[in-house]
Amino acid sequence: MPDKTAGTLATTSRRAPVIKPPKRLVGTVYRGREGMWSWVLHRITGVAIYFFLLVHILDTSLVRLSPEAYNAVINTYKTPIMGLGETALVVAIGFHALNGLRIILIDFWSVGAKYQRLMFWIVIALWIVLLVGFVPRQFMHIFGAH
Amino acid sequence: MTTIEAPRSPKPARTRRRGINGEKWGWIYMRASGLVLVILIFGHLFVNLVSGKGVNAIDFAFVAGKLADPFWVVWDTLLLWLALIHGSNGIRTLINDYTRTPLTRRILLIAVATATAVLLILGTLVIYTFDPCPAGAAANLVPSFCQGR
């Protein structure tokens, strides 16, 4: 008889628990605030940077082949379309770097987890400051006379 | 006596193994390399995209001028190894999270490991076998310091 009881418990534990929908959603379901969005952005920017890095190592390797081969490829980086691509790259790297520092603070700073939400908005603020400094300069380089 | 498994876990939790804890060191690596990469990458971006004529200044002579300086050789070597391993370990995390079958996981992990190994070897060879003044190259394409040679 005890065997049968234990067996029943194992079977029922496999079945998905029935969750009744709450009357009000506030504070009951996970709705993804700063913590989730920073995680999502960290993943997306990380993947984007990774695939650029793979290409960037290959294009830089052309310096070993010949000056002509390297110049032919690097000149495509100076076109307006690629210039916008470089802007997007810096946008991605800027967030990934600043949010990475936030992750380190969450992990190693005694009150890091407590202030993770505030630190997310500090990351966003510093990110904007960084881009205000970079984007006009980059646009001057790629769209301006040179 | 029937054992009661933890709900929804496909495999029983792996018991603690002896030896090096790879996941722990991977976790530490992401944070340690990340900290150094913030400096290395922002420095790299400033010199190559922001200062002077920005991206327009980059050509063979520009790169050759940098790689003739041991400072940039060390900088670029660190950048190559730290960034590529950091990125590959990040992609490994995504593969572990999102693959649905052990086979696709295995194939993708092997692909990432192969790409990482090939690019690390290629990049390192390029940095250390590079000649800023290749024989027979047009004088207007190489750095000015090649003239005296």
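Inspect region A:83-92 for any residue being over 21 Å from B:Ser33 (Cα atoms), within 10 Å of chain B (Cβ to nearest Cβ) and over 17 Å from the mean Cα position of the chain (by Cα) and give the result as yes or no. Yes, region A:83-92 contains a residue that is over 21 Å from B:Ser33 (Cα atoms), within 10 Å of chain B (Cβ to nearest Cβ) and over 17 Å from the mean Cα position of the chain (by Cα).
I'd like to verify a number: residues in region A:75-88 that are part of a helix (DSSP H, G or I) and either over 14 Å from A:His141 (Cβ atoms) or open to solvent by 30 Å² or more (accessible area, probe 1.4 Å) (or both), how many?
8
Evaluation of A:Pro21 against the conditions (1) modelled with pLDDT under 95; (2) open to solvent by 20 Å² or more (accessible area, probe 1.4 Å); (3) of a type outside the set (D, E, K, R); (4) not in a loop (DSSP other than H, G, I, E, B) shows that the sole unmet condition is (4).
Residue pairs whose Cβ atoms lie under 6 Å apart, sitting 6 or more positions apart in sequence or on different chains, and linking a residue in region A:125-146 that is touching a residue at least 60 places away in the same chain (Cβ under 8 Å) to a partner that is surrounded by 12 or more Cβ atoms within 10 Å (Cβ to Cβ), are A:Ile142/A:Gly83. Of the residues in region A:47-60, not one is more than 9 Å from chain B (Cβ to nearest Cβ) and of a type in the set (Ser, Thr, Tyr).
Given the residues B:Asp76, B:Asp69, which is the only one that is more than 11 Å from chain A (Cβ to nearest Cβ), closer than 18 Å to B:Ile127 by Cα and of a type in the set (D, E, K, R)?
Numbers: B:Asp76 fails: more than 11 Å from chain A (Cβ to nearest Cβ).
Residue meeting the stated conditions: B:Asp69.
Condition check ((1) within 11 Å of chain B (Cβ to nearest Cβ); (2) of a type outside the set (Gly, Ala, Ser); (3) touching a helix residue (DSSP H, G or I) at 6+ places or on another chain (Cβ under 7 Å)) across all residues:
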position	(1), (2), (3)
A:Ile104	yes, yes, yes
A:Ala113	no, no, yes
A:Leu118	no, yes, no
A:Ile124	no, yes, no
A:Val129	no, yes, no
A:Gly133	yes, no, no
A:Phe139	yes, yes, no
A:Phe143	no, yes, yes
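As a summary of the residue check, A:Ser110 satisfies the conditions (1) open to solvent by 70 Å² or more (accessible area, probe 1.4 Å); (2) touching a residue at least 12 places away in the same chain (Cβ under 8 Å) except for the one numbered (2). Apart from one condition, A:Val132 fits all of (1) closer than 29 Å to B:Lys24 by Cβ; (2) open to solvent by 50 Å² or more (accessible area, probe 1.4 Å); the exception is (1).
The values are calculated or read from the model by the stated rules, or taken from the named source; none is laboratory data. None of the values given here were measured: they were computed from a predicted structure. Methodologically, a virtual Cβ is constructed for each residue, glycine included, from the backbone with ideal geometry; neighbour enumeration extends over all protein chains shown. These area figures cover heavy atoms from the full protein model, side chains too; ligands, DNA and RNA do not enter into them. Shrake-Rupley method; radii C 1.70, N 1.55, O 1.52, S 1.80 Å.
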